[in-house]
1. In nm, to one decimal, how far is the Leu224 label point from the Arg165 one, both placed 7 Å along Cα→Cβ?
2. Cut-off 15 Å, label point 7 angstrom out along Cα-to-Cβ of Arg174: give me the residues of segment 274-295 whose amide nitrogen falls inside.
3. How long is the gain from Arg254 to Asp19 if the chain were fully straight, where each residue apart is worth 0.36 nm and the alpha carbon distance is subtracted?
4. Among the aspartates and glutamates, select those whose C-alpha is under 12 Å from the C-alpha of Lys78, and discard any that sit fewer than 8 residues away in the same chain.
5. Which angle from 0 to 90°, rounded to the nearest 10, does the C-alpha axis of helix 246-258 make with the longest principal axis of the chain?
6. Rounded to two decimals, what ratio of Rg to Rh does segment 90-144 give with C-alpha atoms and a Kirkwood Rh?
7. Enter the angle in degrees (range 0 to 90, nearest 10) between the Cα long axis of helix 274-283 and the first principal axis of the Cα atoms of the chain, meaning the one along which they spread out most.
8. Count charges around Ala36 for me, please; just the other residues with Cβ under 9 Å from its Cβ, Lys/Arg as +1, Asp/Glu as -1.
Amino acid sequence: MRAAVVNSFGGPEVVEVVDTEVPEPAAGEVRIKVAAAALNPCDIAARSGVYGGEGQRIGLGWDVAGTIDAVGEQSDWKVGDNVVALLFGLVKPLGTHAEYVVVPADAVAKAPTTVDSAHAATLPLNTLTALQALDLLELTEGQSVLVTGAAGAVGAYAVQLAARRGLVVTGQAREGDEEFVRSLGAAHVTSGEPKSVDAVLDAAILGEQALAWVRDGGAYVGLLPPLVPPAERGVRTHAVEVNADGTSLAELVRLADEGALTPRVAGTYALEDAAKAHARFSEGGVRGRLVLLPS
């Protein structure tokens, strides 16, 4: 099979599509024939050496949508099931940017029925990150939350999920994104300094700047553990480290099928053009996710 990997760190030019053996599922695992796999910032980080692994072959890709084509023992999934899954791993020899991928059976959920594979592939990592970040904030109905980067992939899902919980959501985004962020359920949208809030979900990774907008005794959650500011003024600070939870993913898929979550595809690329997708990502201005299609 073909897979996108890096054997050295650098820019988009280091991404290679290589021939490699088709992986076999062990007990508690399933193999998925990949229909679509999203490109995320963590893939850029892996390619750039942020997670380490120098001298190793590093497979790219965390999200996958496709069809189960082999199952290991101790799995309730069946060959032919259409699924989505999250393959966690900062440094792994094979990722989801491949024709086949093996994942833990408990990281899998039935695929949505209302969107195509490319859109389905944008769900796992970003929706689970948004959900688990909100859980860390421990907010109750009526409390206020600021979502930075509210028009981004994680931020947009966070706005929708927070609004469903009855939170008063302020979305921070560029001026041109105001209408879109309001359509997600934000009560307020700002491109500048927001009012003090009970909590911040810092999808834009602003760090201390965003922490300053949290009231005393509130909560802050960021997406990158090394960049989370230290606690101050009684504000709890956390970093979300996403968990590949198939049960939660199934609920998020249900919300997507109901129209309560909005998957966005910014563009699609053939697997052999993975380096071009990385180059496009590096140009910036992407709304939604770029998605690789193996066939």
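The values are calculated or read from the model by the stated rules, or taken from the named source; none is laboratory data. Small disclaimer: the values here were computed from a predicted structure and weren't measured. Counting neighbours? That spans all protein chains shown, and the Cβs are built from the backbone with ideal geometry, glycine included. Each accessible area value is taken on the protein alone, full model and side chains, heavy atoms only, with ligands, DNA and RNA left out. Shrake-Rupley method; radii C 1.70, N 1.55, O 1.52, S 1.80 Å.
1. Distance between the two pseudo-spin positions: 2.4 nm.
2. 281-289
3. Working: separation 235, 0.36 × 235 = 84.60 nm, distance 3.58 nm.
Additional length available on full extension: 81.0 nm.
4. Lys78 reaches Glu29, Asp69.
5. Here the helix axis deviates by roughly 70 degrees.
6. Values: Rg = 15.1 Å, Rh = 14.1 Å.
Dividing the radius of gyration by the Kirkwood radius yields 1.07.
7. The angle comes out near 20 degrees.
8. Details: positive: none; negative: Asp63, Asp116.
For residues surrounding Ala36, the net value is -2.
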